[in-house]
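Working notes for the structure below.
Nothing in this text is a laboratory measurement; each read-out follows from the coordinates by a stated rule. Just so it is clear, the structure is predicted and the values come from calculations on it, not from any experiment. Here Cβ is always computed from backbone atoms with ideal geometry, including for glycine, and neighbour counts include all displayed protein chains.
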Amino acid sequence: MTHAAVASAMRPPFPAERGVEVYNKKLGMWVFLASEIMFFTALIGSYVILRFGAPAAWAQPGKVLNIPVTAFNTFLLICSSVSMVKAYASVVAGDQKWLKIWFGLTILGGAGFVGVQVYEYTHLIGHGFLPSGFREGSELAQLAAANPIVYGQAVAGLFGSTFFTMTGFHGFHVTCGVVSMLYLYITKVLPGKYTKDDYAGVEVVGLYWHFVDLVWIILFTIVYLI
């Protein structure tokens, strides 16, 4: 390799080149999110069709699910989205200290959401709510036998399978987001590699995180509140 080629390879990219790189990263994320929108739309649409087209009464969510716990979890995820906005504002302003604080709080909020969801699943399964419906002999099975309409006993399996599929798939996305942010935090944020002139990683992962937050608000409304 010639001296000129080596120098060209080692020089930092010009602003125009950096702009193209950032554009490509953001475009790639938007394309990925477009595919995710189609996937979640299919899941939510299927749930709506199955629920309102069910041959028997659907369970009242408040009778089976722990809505207060999930409401707190929703608030936690929304807070993490706010902290991500703050992290982005900090890196744009070149404030390394607050970038580390806000980005770290976003990771903690996401990890807390996953932890609460694990608790929720453990609690539901312990009471007898499974993807296949209400476990025979469980507390929920006994309540459903006493009041089959309120607990949707006839379509409990349909409720269980759709609930765990949608919330579990979303929980997987949150977990992937937490792992990705943790990697960026260790390799980029803490060493101070993101600056006000180069912060594409924060912006791209922020797009993903806001998408995950928005999807959960829709899921929470449809599955837990309606």
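For F129, what residues show an amide H to amide H distance below 5 Å, using hydrogens built from the backbone and excluding near sequence neighbours?
Those qualifying (amide H under 5 Å, at least 5 residues apart or on another chain) are R135.
At 222 nm, what value in deg cm²/dmol follows for the chain if DSSP H runs of at least 4 each add -39500 (n - 2.57) and the sum is divided by all its residues, to the nearest 500?
-25000 deg cm²/dmol
Given L158, V223, A59, which one lies farthest toward the positive end of the charge dipole of region 15-225, if we put +1 on the Cβ of every Lys and Arg and -1 on the Cβ of every Asp and Glu?
V223
Using Cα springs under 10 Å in a Gaussian network model of the chain, which residue among G160, G152, G137 shows the largest mean-square fluctuation?
Of G160, G152, G137, the most mobile in the Gaussian network model is G137.
Of the residues L108, L27, L158, which exhibits the maximal mean-square fluctuation in a Gaussian network model of the chain defined by a 10 Å Cα contact cut-off?
L27
Using a 7 Å offset from the Cα along the Cα-to-Cβ direction at both H210 and E21, what is the distance between the two label points in nm, to one decimal?
2.3 nm
Stretch T175-I149 to full length: gain in nm at 0.36 nm per residue minus the Cα-Cα span?
Fully extending the segment from T175 to I149 adds 5.8 nm.
In percent, how large is the relative contact order of the chain, given Cα pairs closer than 8 Å and 6 or more residues apart?
Dividing the mean separation by the residue count of the chain yields 29 percent.
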